[in-house]
1. For segment 13-43, enumerate the residues that are modelled with pLDDT under 90 and in contact with a Leu (Cβ under 9 Å, 6 or more places away or on another chain).
2. Considering only segment 51-59, I want to know if a residue exists there that is under 9 Å from the mean Cα position of the chain (by Cα), at pLDDT 85 or above, surrounded by 13 or more Cβ atoms within 10 Å (Cβ to Cβ) and not acidic (D, E).
Amino acid sequence: MKRLVVKIGTNVLTRRDGTLDVTRVSALVDQVVGLRKAGYAVVIVSSGAVACGRTELRMDDDLDGVAQ
């Protein structure tokens with residue numbers, strides 16, 4: 001089985017207003033399903049997790065200033 005690593009950035013996963021683009025995510029899921037059926041192991045790497053979590057937590061502030 002071949003492994004495919006796909007990096008999906010925040011701009012791909014979110015709308016202009018910063019909310020999660022569910023339609024785009026659904027389309028990506030459909031593509032991953034197709035790749036899996038074709039025999040690929042798919043690994044998704046995403047920087048969009050922060051934006052998604054920010055939307056869920058209803059945080060509008062810039063996260064650069066958050067203490068780590």
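The values are calculated or read from the model by the stated rules, or taken from the named source; none is laboratory data. Everything numeric in this text was worked out from a predicted model, so none of it was measured. Positions of Cβ are generated from backbone atoms using ideal geometry, with glycine treated the same way; all protein chains shown enter the neighbour counts.
1. L13, T14, L20, listed by residue number.
2. no
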